[in-house]
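*Asks:* Shown below is the structure under consideration.
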Amino acid sequence: MDLALIKQLEDKAFVWFKNSNQYIVVEKLTASIIEQLLCKESIQKIAKSLVDELDIPPIEALNFVTDLNKQLVIPNTIKHTEENSVVLEYEVPLSFAFENYYLINSKIIKVVFSTEFELSLIHPKFAHLETTATTDVDFLFQVFNNSKDTFLIVDGIFVGAWTHENIHYFQGKFCMKIIESIYQKKENEWMGVFHASAINYKEDALLILGDSGNGKSTSLALLQAQGFHCIADDFVPVDTNHKVVTFPAGISVKPKAVDVLISDYPSLKMAAEYYYKRLNKTVRYLPPKNINYKKKFPCKALVFIKYDTSVELKVSKISNLEAFESLVPDSWISKVSENAASFLTWFSNLPCYQLTYSNNEMMYATIKSIFEEEL
């Protein structure tokens with residue numbers, strides 16, 4: 001059955017469909033029916049066994065299996081083409097308005113932008129890595145647009161084109177190409193990239209997750225000021241060996257967090273602000289203190305964090321199923337079958353916690369306890 005993977009966890013089952021690269025959580029019986037459908041078992045035969053197992057009317061069983069096949073199995077097993085992978089007609093500009101150079105892992109990446117709009121999408125996150133212009137360049141990224149699409153060309157090879165409505169996908173792909181370049185690993189050699197923050201303590205890492213506005217990045221900055229190392233903010237790559245890899249973008253700081261962080265980071269007071277219209281948010285960027293972008297760390301746990309003034313500290317272990325439903329929708333996970341299987345194994349064995357706090361000192365102590373397995 002090469003079109004899907006099924007893995008049981010607790011009282012449910014994960015199903016991954018290869019062609020759509022979609023993950024769903026279903027009842028174990030539903031997963032069994034999906035497996036039979038993928039193995040080309042007849043709908044009538046599956047329905048008959050369902051009648052015998054559940055003692056339900058034959059028409060009800062037949063309708064259930066038919067609907068499951070039509071609404072879930074068929075749509076997820078047809079071939080899918082990524083919209084941005086279609087090579088559109090384009091003409092690379094003869095000149096670019098902006099030219100920037102970034103030094104990462106001893107590699108020089110030159111990025112040229114046709115407009116200030118494209119520059120604003122990328123440069124603020126990497127401004128702390130900017131270096132002087134040079135002809136000794138390892139990688140060339142070209143970013144330009146026509147009337148409706150933003151294009152990305154890397155070393156002369158078309159990567160994709162995105163409409164303004166989908167510009168966040170361009171930002172994600174740009175970051176993925178940065179990762180490929182500095183670590184010399186192609187996209188299919190990564191297990192996944194997670195919408196999270198990541199910190200390191202001693203020889204391990206934690207992934208910190210949370211909905212927008214819950215204080216994920218602020219917590220990361222506070223922890224960094226206490227001696228934990230920032231590995232990544234918002235974009236956390238994990239390789240096929242289950243190691244969390246450093247991503248060198250700046251930590252995003254929203255206006256409300258500036259006063260909280262100013263005593264630890266005085267430079268924030270004068271830092272430039274950037275407004276992202278699509279997200280309707282204004283941020284400043286704080287350079288991560290970690291300058292060693294070559295280290296990799298095993299992940300100790302996932303921590304879903306929330307700042308709440310009404311709660312001094314509350315921490316509890318949560319089920320992997322609950323964590324799965326928050327982690328996966330905002331993440332990119334490799335569509336290579338071996339990597340998807342590796343992800344399900346990795347995730348199933350990770351401890352997951354919910355941490356709500358307003359007392360910073362108690363939050364620091366709790367995070368340290370999770371690292372040291374004392375919680």
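*Asks:* For a quick check: sort 315, 137 by the number of other beta carbons within 10 angstrom, fewest at the front.
*Replies:* Lowest to highest Cβ neighbour count: 137, 315.
*Asks:* Applying the Karplus parametrisation 6.51 cos²θ - 1.76 cosθ + 1.60 with θ = phi - 60° to the phi angles of the stretch 94-108, what ³J(HN,Hα) value in whole Hz is obtained for each residue in order, glycine and proline being reported as x?
*Replies:* 3J(HN,Hα) across the stretch 94-108, in whole Hz: 6, 9, 10, 6, 10, 9, 10, 10, 10, 9, 9, 6, 6, 9, 9.
*Asks:* So what's the angle, to the nearest 10 degrees on a 0 to 90 scale, between helix 216-225 and the longest Cα principal axis of the chain?
*Replies:* It is inclined by approximately 50 degrees.
*Asks:* Place a point 7 Å from Cα of residue 25 in the direction of its Cβ. Which residues in the stretch 316-340 have their backbone N less than 17 Å from it?
*Replies:* Correct set: 316-331.
*Asks:* Here's a follow-up. Write down the percent of antiparallel bridges among all DSSP beta bridges whose residues are both part of the stretch 191-371, to the nearest 5.
*Replies:* Antiparallel: roughly 70 percent of the beta bridges in the stretch 191-371.
*Asks:* Contact order normalised by length for the stretch 191-371, with contacts defined as Cα pairs under 8 Å and 6 or more residues apart; what percent is it?
*Replies:* About 27 percent, as a whole number.
*Asks:* Residues with beta-carbon under 10 Å from that of residue 112, excluding residue 112: net charge, scoring Lys, Arg +1 and Asp, Glu -1?
*Replies:* Charge balance near residue 112 sits at -1.
*Asks:* Next question. Please label the shape of the stretch 191-371 as rounded, prolate or oblate, based on the square roots a ≥ b ≥ c of the eigenvalues of the alpha-carbon gyration tensor (a/c under 1.5 means rounded; beyond that, a/b larger than b/c means prolate, else oblate).
*Replies:* Because a/c hits 1.5 or more and a/b exceeds b/c, the stretch 191-371 counts as prolate.
*Asks:* Residues with amide H under 5 Å of residue 4's amide H, sequence separation 5 or more or different chain, H placed in the peptide plane at 1.01 Å from N; which?
*Replies:* Amide H neighbours of residue 4: 18.
*Asks:* Something else now. Going 7 Å from the Cα of residue 322 in the Cα-to-Cβ direction, what parts of the stretch 187-231 have a backbone nitrogen less than 15 Å from that spot?
*Replies:* Within reach of a label on residue 322, which here means backbone N under 15 Å from a point 7 Å along Cα→Cβ, the stretch 187-231 contributes 209-211.
*Asks:* Let me ask something else. Excluding residue 314 itself, calculate the net charge of residues whose Cβ lies under 14 Å from the Cβ of residue 314, where each Lys or Arg counts +1 and each Asp or Glu counts -1.
*Replies:* Surrounding charge for residue 314 is 0.
*Asks:* Right, next: With the dipole of the stretch 85-184 worked out from charges on the C-beta (+1 for Lys and Arg, -1 for Asp and Glu) around the Cα centre, which of 108, 183, 141 lies farthest toward the positive end?
*Replies:* In the stretch 85-184, that residue is 183.
*Asks:* Ok, one more. Report, by chain and number, residues whose modeled amide H sits under 5 Å from the one on residue 192, excluding near sequence neighbours (fewer than 5 apart, same chain).
*Replies:* 238, 334
*Asks:* Using θ = phi - 60° and the Karplus form 6.51 cos²θ - 1.76 cosθ + 1.60, what ³J(HN,Hα) does each residue of the stretch 187-198 get, whole Hz, x for Gly and Pro?
*Replies:* So the J values, rounded to whole Hz, are 4, 6, 9, 10, 6, x, 10, 10, 7, 7, 10, 9.
*Asks:* Where the only charges are on Cβ atoms (+1 Lys, Arg; -1 Asp, Glu), what is the dipole of the chain about its Cα centre, to the nearest 20 debye?
*Replies:* The calculated dipole for the chain is roughly 540 debye.
*Asks:* What dipole magnitude, in Debye to the nearest 20, does the stretch 14-56 give about its Cα centre under +1 on Lys/Arg Cβ and -1 on Asp/Glu Cβ?
*Replies:* Dipole magnitude for the stretch 14-56 comes out near 240 debye.
*Asks:* Subtracting the Cα-Cα distance from 0.36 nm times the residue separation, let me have the gained length for residue 52 to residue 264 in nm, one decimal.
*Replies:* Difference between extended and current length: 69.7 nm.
*Asks:* Would you work out the relative contact order for the chain, in percent, from Cα pairs under 8 angstrom that are 6 or more residues apart?
*Replies:* 13 percent.
*Asks:* Work through the residues other than residue 257 whose Cβ is under 13 Å from its Cβ and net out their charges, Lys, Arg +1 and Asp, Glu -1.
*Replies:* Every neighbour counted, the sum reads +2.
*Asks:* Can you find, among 342, 226, 370, the residue sitting farthest towards the positive end of the charge dipole of the stretch 191-371, where Lys and Arg contribute +1 and Asp and Glu -1 at Cβ?
*Replies:* Going by the Cα projections, it comes out as 226.
*Asks:* Another one. Given an 8 Å cut-off on Cα distances and at least 6 residues of separation, report the relative contact order of the stretch 4-77 as a percent.
*Replies:* It rounds to 26 percent for the stretch 4-77.
*Asks:* Can you tell me the order of 213-221, 41-49 when each peptide is scored by its average per-residue count of other Cβ atoms within 10 angstrom, highest first?
*Replies:* So the order, starting with the most tightly packed, is 213-221, 41-49.
Read-outs throughout are calculated quantities, based only on the coordinates presented, and are distinct from any laboratory measurement. Keep in mind it's a predicted model, so treat the numbers as computed, not measured. Cβ atoms come from the backbone with ideal geometry, glycine included; neighbour counts cover every protein chain shown.
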